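**Student:** Take a look at the following structure, please.
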Amino acid sequence: MTVYSIHIFNKKCEAIYFKQWNNAATAGSNKTAAIATNEPASKQSESASDATNNIDVDGDSETAKLVYGVVFSLKNMVNKLSAGKNSTDGFLSYKTNAYKLHYFESPAGLKIVLITDAASASMLSVLRQIYSSIYVENVVKNPLAKPNTPIKNELFRGSLDKYIRGLQNFE
Amino acid sequence: MLHSLYIINKAGGLIYLKNYTDGIATLSSNEYLVLAGTFHSIHVITSKLSPVPGSSGIEVLEADLFKMFCIQTPTGTKFLLVTDPLQSNVDAIMRKIYETYADYVMKNPFYTPEMPIRADLFDLNLNKIVKQINS
């Protein structure tokens, strides 16, 4: 069992946090490198510095957009199919033969996406825990953190990393 | 409990649709076509998103009201089965449905591949499988 990565999106669909573990390969990383080489030199250095600034927000933005797109469409699909029934959580997870993506959305529209290996059991309680005792405690209750902006808070980063590494199925 | 069966052709078109219970909402036929098209694209993207190389597309989708199982045949046709979250043995059911499809759709000389499926025998035999499980 392995945890590969976590994405957090705000209610405005922007990636505000990203982290990966266990040498997960990001799908779009080669693509962005290819695009960058086609740009003029001045722009290239600019986008390179942008990339380093953003690396801990959305990993690489291509992947973050793909993840958001997939989750958004699946959520809509599930909501359509459960319209009129008493569904509380809606979309929970999906699985391929190589990985499993777990999804949690807070009432305020914060979306947490956790990618693990395919054999992993339901991580709903883990996601709830991350939300209620790591995000709420370290970001929401932090008077200096602007809501809906990238999370640069060391306390949050540290405790999230510690929590994920402490999971029994981390590796 | 089996709620619905959708069959999507290799181009993302919905070629068969059957609801067996009212456990999930019924949509308009237009919405079903959109759903099939969306699922088809997501299936491709999910295989690209993988943290490890060589992933397949989405196989199981879990929601709190239902589970959706997807298998893709070697020719690209996708079978989507919407079941109760607690339904077990879905692989075996899928295999049965695929056999029924092979026998009554693919072996039907009047069926044009990739076109909507209208075959009474297929309906009839599917109903038998579903009845066995849902009763």
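The values are calculated or read from the model by the stated rules, or taken from the named source; none is laboratory data. What you see is a predicted model, and the numbers here were worked out from it, not measured in a lab. Backbone-built Cβ (ideal geometry, glycine too); neighbour counts: all protein chains shown. Ligands, DNA and RNA are excluded from the accessible area calculation, which covers all protein heavy atoms including side chains. Shrake-Rupley method; radii C 1.70, N 1.55, O 1.52, S 1.80 Å.
**Student:** Look through the range B:1-52, keep the residues that are among the β-branched types (Val, Ile, Thr) and within 12 Å of the chain's Cα centre (by Cα), and return whichever of them is farthest from residue B:123 (Cα to Cα).
**Tutor:** Let us first name the residues in the range B:1-52 that are among the β-branched types (Val, Ile, Thr), namely B:7-8, B:15, B:21, B:24, B:26, B:34, B:38, B:42, B:44-46, B:52.
Those still in the list that are within 12 Å of the chain's Cα centre (by Cα) too: B:7-8, B:15.
Numbers: B:7: 13, B:8: 16, B:15: 13 Å.
Here the answer is B:8.
**Student:** Would you point out the residue of the range A:57-86, among those that are assigned to a helix (DSSP H, G or I) and of a type in the set (Gly, Ala, Ser), that is nearest to residue B:62 (Cα to Cα)?
**Tutor:** Checking each candidate, the answer is A:73.
**Student:** Moving on to the next point. Output the residues belonging to the range A:116-141 that are polar (S, T, N, Q) and closer than 20 Å to residue B:60 by Cα. Let's see the steps before the verdict.
**Tutor:** Restricting attention to the range A:116-141, the residues satisfying the condition of being polar (S, T, N, Q) are A:116, A:120, A:122, A:125, A:129, A:132-133, A:138.
Once the filter is applied, which keeps residues that are polar (S, T, N, Q) and closer than 20 Å to residue B:60 by Cα, the range A:116-141 yields A:116, A:120, A:122, A:125.
**Student:** Given the residues B:65, B:33, B:27, B:17, which is the only one that is free of Cβ contacts under 8 Å to residues at least 24 places away in the same chain and at the interface with chain A (Cβ under 7 Å from one of its Cβ atoms)? Working first, answer last.
**Tutor:** On the way: B:65 fails: free of Cβ contacts under 8 Å to residues at least 24 places away in the same chain; B:33 fails: at the interface with chain A (Cβ under 7 Å from one of its Cβ atoms); B:17 fails: at the interface with chain A (Cβ under 7 Å from one of its Cβ atoms).
None of the other options fit; the residue is B:27.
**Student:** Next question. What do you reckon, is residue B:39 among the aromatic types (Phe, Trp, Tyr), outside any helix (DSSP H, G or I) and either under 23 Å from residue A:69 (Cβ atoms) or within 11 Å of another protein chain (Cβ to nearest Cβ) (or both)? Break it down stepwise before answering.
**Tutor:** Numbers: among the aromatic types (Phe, Trp, Tyr): yes; outside any helix (DSSP H, G or I): no; either under 23 Å from residue A:69 (Cβ atoms) or within 11 Å of another protein chain (Cβ to nearest Cβ) (or both): yes.
It is false that residue B:39 is among the aromatic types (Phe, Trp, Tyr), outside any helix (DSSP H, G or I) and either under 23 Å from residue A:69 (Cβ atoms) or within 11 Å of another protein chain (Cβ to nearest Cβ) (or both).
**Student:** Of the residues that make up the range A:84-101, is at least one over 30 Å from residue B:29 (Cα atoms) and within 14 Å of the chain's Cα centre (by Cα)? Give the derivation first.
**Tutor:** The first filter runs over the range A:84-101 and keeps only residues over 30 Å from residue B:29 (Cα atoms), leaving A:97-100.
Then keep just the ones that are within 14 Å of the chain's Cα centre (by Cα); that gives A:100.
Yes: one or more hits.
**Student:** Right, next: Being outside any strand (DSSP E or B) and open to solvent by 10 Å² or more (accessible area, probe 1.4 Å) is the filter; apply it to the range A:87-108 and report the residue that is farthest from the other protein chains (Cβ to nearest Cβ). Step through it out loud before you land on a result.
**Tutor:** Keep residues of the range A:87-108 that are outside any strand (DSSP E or B), which gives A:87-90, A:96-98, A:106-108.
Now restrict to residues that are open to solvent by 10 Å² or more (accessible area, probe 1.4 Å): A:87-89, A:97-98, A:107-108.
Working: A:87: 5, A:88: 6, A:89: 4, A:97: 4, A:98: 4, A:107: 16, A:108: 20 Å.
Checking each candidate, the answer is A:108.
**Student:** Could you list, in sequence order, all residues of the range B:87-135 that are of a type in the set (Lys, Arg) and surrounded by 13 or more Cβ atoms within 10 Å (Cβ to Cβ)?
**Tutor:** Within the range B:87-135, the subset of a type in the set (Lys, Arg) is B:95-96, B:107, B:118, B:128, B:131.
Residues satisfying the conditions are B:96, B:118.
**Student:** Within the range B:45-58, can one find any residue that is more than 7 Å from chain A (Cβ to nearest Cβ) and of a type in the set (A, V, I, L, M)?
**Tutor:** no
**Student:** So for the range A:133-143 (the condition being of a type in the set (Phe, Trp, Tyr) and either touching a Lys or Arg at 6+ places or on another chain (Cβ under 9 Å) or open to solvent by 20 Å² or more (accessible area, probe 1.4 Å) (or both)), does at least one residue qualify? Spell out the reasoning first.
**Tutor:** Within the range A:133-143, the subset of a type in the set (Phe, Trp, Tyr) is A:135.
With the extra rule that they be either touching a Lys or Arg at 6+ places or on another chain (Cβ under 9 Å) or open to solvent by 20 Å² or more (accessible area, probe 1.4 Å) (or both), the set shrinks to A:135.
Looking through the range A:133-143, at least one residue is of a type in the set (Phe, Trp, Tyr) and either touching a Lys or Arg at 6+ places or on another chain (Cβ under 9 Å) or open to solvent by 20 Å² or more (accessible area, probe 1.4 Å) (or both).
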